[in-house]
Structures are given as structure tokens and as C-alpha cells.
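The values are calculated or read from the model by the stated rules, or taken from the named source; none is laboratory data. On a predicted model such as this, the values are computed, not experimentally measured, just so you know. Glycine also receives a Cβ, built like all others from the backbone with ideal geometry; neighbour counts cover every protein chain displayed. Only protein heavy atoms, including side chains, enter the accessible area calculation; ligands, DNA and RNA are left aside. Shrake-Rupley method; radii C 1.70, N 1.55, O 1.52, S 1.80 Å.
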Amino acid sequence: MKTGSKSKVICPFCGAGCAFFIVTKGNSLNIEYISDHPVALGALCPKGNSSISIVKHPDRLKHPLVKKGNEWIELPWNDALNLAAEKLLDIKKRYGADSVGFLASARATNEEIYLFQKLARLFGSPHIDHCARLCHAPSLVALKDMLGSGAMTNPISDLANSDCIFVLGSNFAETHPVVSRWVWDAKDRGAVVIVADPRRTITTRIADLHLQLRSGSDPYLLYAMMKVIVDRGLCDYQFVRERTEGFDDLYRWLHSFDLKEAVEFTGLSEREIVAAACHYAEAYSAALIYCMGITQHRNGTENVRACANLALLCGKVGAPGSGIFPLRGQNNVQGACDMGALADYLPGYADASNHMELKKLSRVWEKSDLPLGPGYTVTEMTNASLNGKIKAMVILGENPVVSDPEASGVKKALEKLEFLLVIDLFMTETARYADILLPAACWAEKEGSYTNTERRVQWSEKALDPDGDAKPDLWIIGELGKRLKIWGYTPRPDEVLREINRVVPQYGGITPERLRLSKNGLIWPCQNESHPGTPILHQSGRFKFHTPQFAIEDKGKIGKNNIFKLITGRLVVHYNSGSMSRRLSELFPYEPIASVSINPEDAAALGLKNGDEVKLIGESGEGIFQIRLDVSVPPKTLFLPFHFPGVNDVVTVGLDTSSRTPGFKDAECRLEVV
Ligand code: SF4
């Protein structure tokens, strides 16, 4: 362990990518803020501030464990890895390599994720995916197709340069708290902030105009705004003419679009829609922020396409203060996508179902028969296990028992596997199903790079050694690969990043040497070593409009027979499946259980008061929850934070066909008074 050291690390929670120093002195660990960090500017949110408590948390796994009956037995690393490799090779021999599924972690470093997907593909399985499938896969599909890149277009700090900030389906003041400071900076300069959200949230309190639209009606709002913009001649015609194609088709479509229908469907007034449209279109610069309230729908990809159509129509792309800001959830979910931990994309977004792309990768990896994609996604792996096609899984730092829809099916799927290997910091709800559980070093105990939501790649230093016998994921993956006879040695982070420089074009110039020396990291695309990085995308090039094809299914059940719209989402003091935040005494007491928020009028009609218990019944599962009377939730709607086991038991949803992302936000449930 370094003593008396100061190491720059990246926050292990959200995709904002705040950095800070960990100062070690003897056994004590302290945070020192970095006052000029380009995102955090010397501040961290409650999660970031409590993050070092994870490092020495008593629940951390310290030794490899193997399950014998109902008992966990400690094993030396060599024995545990040999056993894991033996099991995987046996399953490969009996059922084929594609009977094994791999789930990567969006909290691991780029180098670890790259090596993990390489392990999966060299093992012979195309089934590699991660939790971006549950959130921003629609952004990738839509923005890549229309703009050429599926990522956020401008830096977070550039929000301060926007004259209008339009927010859809994002409660960033809770989910990505540091974003708020840049929005406030813009407001202080006179920017207009518009927030479309069915709930009244901390973010809507920042808004000059809160559009409290009906949940799921976002495309109606967006196209209604576009119709107003076109009808009033507020398009950026020069941008449309010089930088886009497909406008005529969209124009014709908008011509037959009925504004009255949009008013009816969104529940907004025409005045509100017109005001939003005019503010956005007439602003000199405008940012469009969105998050899972847009993507987690069966129309998720269509919703993102609508966002991009609006930005293109008004020329609000490719300039300071003007861009599209899909806020990524986990600290390295952008990197996990870039590294190709996706069922449909190889590293650098090469098409996994394209023979030529596989051939190119074969040459670098010196292996000729890489498996053809697309592989199974996160949720498809569950179904494939239930129907006997997937026999084993390797899960790196993911917790699908809590994070995936229809959680009861996920548990059955994991039970059905012949072999499950889990690598994690803690005994998570998913780790309990493992046959072998390997203890991972946490982010402060290893070095490597992370890519935040604004494409900023930053190097995180190792601050201390892990307690016990936990090892960095890179070492674990490398040693497993050796035993699977995939490679002969375990590489260091620098060596893997140099391979990434060769394989991922966007990272061509993001070398370990440059990253270590750079104060604020490098923003991809950065093709070569003399490239400075690209904070603002799309300053040149042509883009494609999309002709809408959305359909909103309204079963007309909401409000009848105690059927409620169920919205799941995040809380400021928690993070994703809660495997870290539910263990932090600084955060947990504020929200110790999954309370279901209900509008007081609905509660009164049911004779319910604060703290009463109700049963929520979904199509494939049910659960008992305490209610919280909450005027911020609209009538006939419930809000549940998804950081707790049991919440996703109630959520049964279909998939967005383009991205295969579950439509979490389309869920409905029946409420029974207990
Ligand atoms: Fe960490 Fe995100 Fe909070 Fe920054 S905003 S401190 S990255 S959780």
C-alpha cells in the first residue's frame, strides 16, 4: 500500500465522471476535491462524497468462494480459477462455445471491459452484452444512424453556453447532480430551461417551463413542437439545406400530423407546446438533454430519433451550447459501449454481424474464426437460459436479479444454469446464485481509464491495495483467459490500452502516456497522438432526418380496476442496483426501503395513508411496498425507485424492437390494499 499518498481517481458512480484525490495517511482515507476539474469544479454529490466508504466496507468479498451445497467454501485463487476454467471448457465441449453468455460491467475500466469482451469472443461466444442495453442502447442505434455517432455531442460544461436547455425524461438534479451547476450557470446568464416530465422533480423546480406531459407521450410532444416550428417558419433552413437529407419526407409527415391529437395525447395545452417550440427554435444556442425517460420505452429508438429530428430541424447541433446530451448512467457505460461489450457491436462500433469487420479483428487477435453476431442481449440471455440454449454465464460486476425486468424470471434463469461465475465486490443478489464467486478490487485499488458521458477518457490511479485477497478485474480476466488457453499471459492496463489504440479508431491517440500526463483527460474521437480530442462533435458533415414510425399502445386500462402507470427511476442517494449505495451508512438511512410514491388524491380514494402497505401486481410478479403520499406524482401513476430487490419483480415489459431495450417506463401494475 502507498502510505501518505495522493492519487487521482474517478468517481465510481454516475456517468458524469467527476474526479477527486484520495489522500491516504496510515490507515485513513480522505477525499480532496479538484477545484478545476472540468466537470466537478471542486464539488461532489452525496454519492461521490461517500464513495470512499466502499473501499474498506466490511461486506467486501476478500477471498474466492466456491459453493458446496448451501455453503460457501474459501479457495486459493489458483484452485478457484482452475475450477472455473475447467467448468467453462467442459460446457463448451458438451454444448458449444455459444452456450456461454458473458455480462460485462459498466463500472470496470476500459482495459478490463475490452479484455473481457475479447475473452468472450475468443472463447467462441457472440453473447456479450452489458447494462447499456437497459438504458441507452436506443441512443446508440438512433444517433449513430442519423448523426454518425451514438454519443453525447458536447461537454457537460458547454451547457453553460446554451440559451435554451430542453430536458426530456431526465431528473438530472438527482441522477447526475453536478449537471445542475452548469444548467444554473446558463440560467444565471438568462437561458430558458424547459423540462418535460410527468412528475414534479427537483429538476422541474429549476425549469422556467415544466411540461407535465402524460407518461410515454414524448414523441407526440416532440413532433408537435416540430410542426409548430415548421408552420411558423422557425426551422434553420440553411442548416437543413446544407447539412441534412430527408427533410422533405419529414415535412410531408408533419403536414398530416394533428396538433390537436398531440394536445389530447400529451395532456398539455397548445400554448405550452408552442412556447416550448418557440423558445427552443428561436434560441441562439440550445441543448437537448434526455435520459431513460426517453429511451426506456418500446418506442425508445423512435423517441431518440424524434429528439435528433428536432435538433436537426433547428440546426442545434455542432456548435458551442448546441447539442444533444444523452446522460449515461454508470461511470463507464460509455466506455463499455466503445469497447464493444455489446451483442451487436465489436470494439469501436464495428458491426458484429459483418464478416469483413470480424476478419479485421481476427488479424489483430490472430484468430480466424471469431463468432458472428449479433449475440444475445442482457435480457435475451435470461430467456436463452430458460429455454436451455445458454448453459453457463460469466457475470462481471452486474446484478441482473435487481436491474432486469421480470426479476423472478431472471432468478429462475440463473438457477437453471449449469455453471455461473460471478466477479464482484460484494455478495450481491445475483452473486448468491453463483457456483464460483471471485472477489474484485474496487476502483480505488487499481489503475485504468474510464470514459464519462461526454466521451472524456480519464486515467484513474491506484490509491491503495485491496484488503484480503481481492484482485483487479484485469488480472482475473487475464488469468482466466490463460487457463482457457485463450492467451498465454495476463497483460497490464498500459498494454491493453495500446491494443485499444490500434483497434478502436476513436481512441487511436488516447495512449497511456498521454492520459497519465493530461490534466483533464482526452475527449474522443482522438485519432492519433497529435490529435487534441474533440469536445464538440458534428461541427461538419451531413446528417439524416428520420421519418417517424412510432405507435403508442394505449390499452386504456390505466385508472380502471386500480391499474396504475408504474414509473421506476433513480434517487439521489442511491445508485443503480444499490449493491454499493444500499451499504453506505452515509446514504442508506435517507432512503432505506423502496417506498412507492402515490398521489394523495389516489391514496385518499383508496383509504390509504402514509406508510400503509400495498401490494403491487404486475403480469409476472408482485411485491409489497410501503406507500409515500407525494404530490409530485400525477394521478393514476406510481413511482418506485429501482435500486431495491423486488421492484423489478413487478415490472413486465416488451422490448424496443430496434435496440432490444426493455420498455421499463411502459409498465403498469394493479394496486391492492393489504
Ligand atoms: Fe460521482 Fe456522478 Fe456525483 Fe459526480 S455527479 S460525484 S460522478 S455520482
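Find the residue count for segment 1-16, including only residues that are more than 16 Å from the ligand (Cβ to nearest atom) and either of a type in the set (Phe, Trp, Tyr) or in a strand (DSSP E or B) (or both). So the count comes out to 2. In a residue-by-residue description of segment 649-658, the property of being touching a residue at least 40 places away in the same chain (Cβ under 8 Å) and in a helix (DSSP H, G or I) applies to at least one position. Of all the listed residues (Ile52, Ile10, Ile22, Ile113), the sole one being over 30 Å from Leu484 (Cα atoms), among the β-branched types (Val, Ile, Thr) and in contact with a helix residue (DSSP H, G or I) (Cβ under 6 Å, 6 or more places away or on another chain) is Ile22. Residues in segment 231-254 that are touching a residue at least 12 places away in the same chain (Cβ under 8 Å) and more than 14 Å from Phe545 (Cα to Cα): Arg232, Leu234, Gln238. Within segment 121-136, identify whether any single residue is among the acidic types (Asp, Glu) and assigned to a loop (DSSP other than H, G, I, E, B), and answer yes or no. So far as segment 121-136 goes, no, none of its residues is among the acidic types (Asp, Glu) and assigned to a loop (DSSP other than H, G, I, E, B).
Residues in segment 555-595 that are under 18 Å from Gly293 (Cα atoms) and hydrophobic (A, V, I, L, M, F, W, C): Phe564, Leu566, Ile567, Leu571, Val572.
Could you list, in sequence order, all residues of segment 145-170 that are in a loop (DSSP other than H, G, I, E, B) and within 13 Å of the ligand (Cβ to nearest atom)? Those that are in a loop (DSSP other than H, G, I, E, B) and within 13 Å of the ligand (Cβ to nearest atom): none in segment 145-170.
Tell me which residues, restricted to segment 409-428, are farther than 11 Å from Asn399 by Cα and touching a residue at least 40 places away in the same chain (Cβ under 8 Å). Gly409, Glu418, Phe419, Leu421, Leu425, listed by residue number. Which one is least open to solvent (accessible area, probe 1.4 Å), of the residues in segment 623-648 that are in a loop (DSSP other than H, G, I, E, B) and modelled with pLDDT of 90 or more? Checking each candidate, the answer is Val633.
The rows are residues; the columns are (1) open to solvent by less than 20 Å² (accessible area, probe 1.4 Å); (2) in contact with a strand residue (DSSP E or B) (Cβ under 6 Å, 6 or more places away or on another chain); (3) farther than 26 Å from Arg363 by Cβ.
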| site | (1), (2), (3) |
| --- | --- |
| Asp473 | yes, yes, yes |
| Lys482 | no, no, no |
| Pro505 | no, no, no |
| Pro532 | no, no, yes |
| His546 | no, no, yes |
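For segment 17-26, a residue qualifies if it is away from the ligand (no atom under 13 Å from the Cβ) and within 29 Å of Glu454 (Cα to Cα), and the qualifying residues are Phe21, Ile22, Val23. Scanning segment 27-56 for residues that are away from the ligand (no atom under 12 Å from the Cβ), open to solvent by 40 Å² or more (accessible area, probe 1.4 Å) and either over 17 Å from Ser5 (Cα atoms) or touching a residue at least 60 places away in the same chain (Cβ under 8 Å) (or both) returns Ser35, Asp36, Lys56. Against the numbered list (1) of a type outside the set (S, T, N, Q); (2) more than 27 Å from Ala106 (Cβ to Cβ); (3) buried (at least 23 other Cβ atoms within 10 Å of the Cβ), Val653 comes up short only at (2).
Looking across segment 210-268, the residues that are buried (at least 17 other Cβ atoms within 10 Å of the Cβ) and of a type in the set (Lys, Arg) come down to Arg214, Lys227, Arg243.
Can you tell me which residue among Leu312, Leu346 is touching a Ser or Thr at 6+ places or on another chain (Cβ under 6 Å) and not β-branched (Val, Ile, Thr)? Steps first, please.
Numbers: Leu346 fails: touching a Ser or Thr at 6+ places or on another chain (Cβ under 6 Å).
Among Leu312, Leu346, only Leu312 is touching a Ser or Thr at 6+ places or on another chain (Cβ under 6 Å) and not β-branched (Val, Ile, Thr).
Taken over segment 440-469, residues that are assigned to a loop (DSSP other than H, G, I, E, B), among the small types (Gly, Ala, Ser) and open to solvent by less than 10 Å² (accessible area, probe 1.4 Å) amount to 2.
For segment 93-101, the count of residues that are within 16 Å of the ligand (Cβ to nearest atom) and in a helix (DSSP H, G or I) is zero. Among the residues of segment 561-617, those that are surrounded by 20 or more Cβ atoms within 10 Å (Cβ to Cβ), in contact with a helix residue (DSSP H, G or I) (Cβ under 8 Å, 6 or more places away or on another chain) and over 20 Å from Asn648 (Cα atoms) comprise Leu584, Leu587. So which of Leu420, Leu437, Leu425 is under 30 Å from Asp649 (Cβ atoms), open to solvent by 10 Å² or more (accessible area, probe 1.4 Å) and either touching a Pro at 6+ places or on another chain (Cβ under 7 Å) or of a type in the set (A, V, I, L, M) (or both)? Leu425 is the lone residue from the list that is under 30 Å from Asp649 (Cβ atoms), open to solvent by 10 Å² or more (accessible area, probe 1.4 Å) and either touching a Pro at 6+ places or on another chain (Cβ under 7 Å) or of a type in the set (A, V, I, L, M) (or both).
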